[in-house]
Amino acid sequence: MQQIRTVISGTGSYIPNRIIKNSDFVNQVFFEKDHSLIDTSGEEIIRKFKDITGIGERRWAESNQNNSDLAALAAEAAIKDAGIDRETIDQIIVAHNYGNVTKGSNQSDMVPSIAARVRHQLGIKNSQCVPYDVIFGCPGWIQGVIQADAFIRTGLAKRCLVIGSETLSRIVDVYDRDTMIFSDGAGAVILEANSEGTDSGIMATSNMSHTDEELDYLYFDKSNLPDSNSNTKYIKMLGRKVYEYSLNHVPDAMKIALDRSGEPIESVKKVLIHQANEKMDAAIVQRFFRKYGLRPNIETVMPMSIAELGNSSVATVPTLYDMILKNKIPNHQIEKGDVLLFASVGAGMNINSFVYKQ
C-alpha cells in the first residue's frame, strides 16, 4: 500500500504595496538598548545595515489593513490557485506572533483568533472547518505545515489551509535600528493528500527547540528612547545571539529532515530558508552542505527575497515559495520532481524543517 503524502495544491501571497526604502531612515535618531545615542550619520547607519542584512527596502501594510486582512488576501489567492471549493477546507491554520495590531497602537488583539477572522472573511459556512492559530516564532508557518501534514496523513483532515501572516511594522520601536529589519506580508498554501499516485509531497520533517538555555533572544521591552514609557513594549532582538544560535543548530535540523527523507544531498534543488539575514542564511546553507562534504553555489540553491521585502517573520517562506512558482524571483524556477528543503528559525528559540518533492 502506497504511503499517503501531503501535497501543496495551491499557493498565494499578499505583498503590501507600501515600499519603505533604507533611505527613509536616514534622518531617524537611533539609540542603543542602554539608551545611549548612536552618534553616527544616517548614511553610515543604513550602509552598514545593508551590508549586514542584505535588506534594501521592505513592505509595510497600509494604515487601514490589519494582519487578518493580509492573511485573508493570501488565502483567497491560494484557494483560487488550487481551484478548490473553500467549503471543503477542514482546517485553517494561521501562524503569526502578534495578532491584529491597529495602526497607532501596539496592543495585540488575538480574540477571536486570526484564523477565525480569516474564516469569517472567506465566508466559509462549513461548521466542520476548524480555524486555529500557531504561535511559534518565525518558524510558525512551517510548524503549521507540519501539523497539517500529520492530520492529513492520519486521515483526520483531507484539506488544510495554512497561512503565515504578520504586520511587524506595528510593533517596532522607531528608535531601534532593528526597526529596519522587519516588514509585513502574508503567504498561504492549500495542503491535501496526494491523489495522483506519484511520490510528490512532504517526505520528512524535523523540529528543534532550545527554550531551556536560549529563550530570550527575541523578546518584548520598552523603547530605546531615554525616559520612554516602560509600560509600552516593542519587539527586541539580540542579533548576535540569534546569529550564533542559528548557525550552530539550523544546519542540524535541516540534515535530520533530509536524512529522514532518504533523498541524497545531490537531489536538493532549492533551499527555501526564512528570510532573516542574507549573510546568516548563506552561512547556514553553506554549513548544511558541508555536513555532506559539499560546497553549494549559493546563488543557485538559495533563492532570496529579503533585499526587497525585508523580514516578515512567518510570511517569508510561504511568500518566497509562491513568488518562485509565479516566476517573480529572477533566475529561480521550481519544476515537477524537484526536491526542496524548507527551514526556519526564530523566537523560542525554535527551529523546523521539511523536505518536499514538487
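Can you spot a residue in segment 311-318 that is surrounded by fewer than 20 Cβ atoms within 10 Å (Cβ to Cβ), outside the structural domain of Ser23 (by TED's automatic domain parsing) and of a type outside the set (S, T, N, Q)? Looking through segment 311-318, none of the residues is surrounded by fewer than 20 Cβ atoms within 10 Å (Cβ to Cβ), outside the structural domain of Ser23 (by TED's automatic domain parsing) and of a type outside the set (S, T, N, Q). Kindly check whether there is at least one residue in segment 107-124 that is modelled with pLDDT under 95, surrounded by fewer than 20 Cβ atoms within 10 Å (Cβ to Cβ), closer than 30 Å to Asp227 by Cβ and polar (S, T, N, Q). Within segment 107-124, one or more residues are modelled with pLDDT under 95, surrounded by fewer than 20 Cβ atoms within 10 Å (Cβ to Cβ), closer than 30 Å to Asp227 by Cβ and polar (S, T, N, Q). Evaluate the following for Val345: is it in contact with a helix residue (DSSP H, G or I) (Cβ under 6 Å, 6 or more places away or on another chain), in a helix (DSSP H, G or I) and β-branched (Val, Ile, Thr)? It is false that Val345 is in contact with a helix residue (DSSP H, G or I) (Cβ under 6 Å, 6 or more places away or on another chain), in a helix (DSSP H, G or I) and β-branched (Val, Ile, Thr).
If you go through segment 297-315 and keep only what is assigned to a helix (DSSP H, G or I) and within 19 Å of Ala72 (Cβ to Cβ), you end up with Ser313, Val314, Ala315.
For residues in segment 31-43 being more than 15 Å from Lys21 (Cα to Cα) and acidic (Asp, Glu), which is surrounded by the most Cβ atoms within 10 Å (Cβ to Cβ)? If we take residues in segment 31-43 being more than 15 Å from Lys21 (Cα to Cα) and acidic (Asp, Glu), then Glu32 is surrounded by the most Cβ atoms within 10 Å (Cβ to Cβ).
Screening Asp51 with (1) closer than 26 Å to Gly187 by Cα; (2) under 24 Å from the mean Cα position of the chain (by Cα) gives one miss only, at (1).
Those residues that are crowded, with 22+ Cβ neighbours inside 10 Å and hydrophobic (A, V, I, L, M, F, W, C), I need them from segment 83-100; list them, please. Result: Ile89, Ile92, Ile93, Val94, Ala95.
The values are calculated or read from the model by the stated rules, or taken from the named source; none is laboratory data. These numbers were taken from a predicted model, which means no experiment stands behind them. Virtual Cβ from ideal backbone geometry, glycine too; neighbours counted across all protein chains shown.
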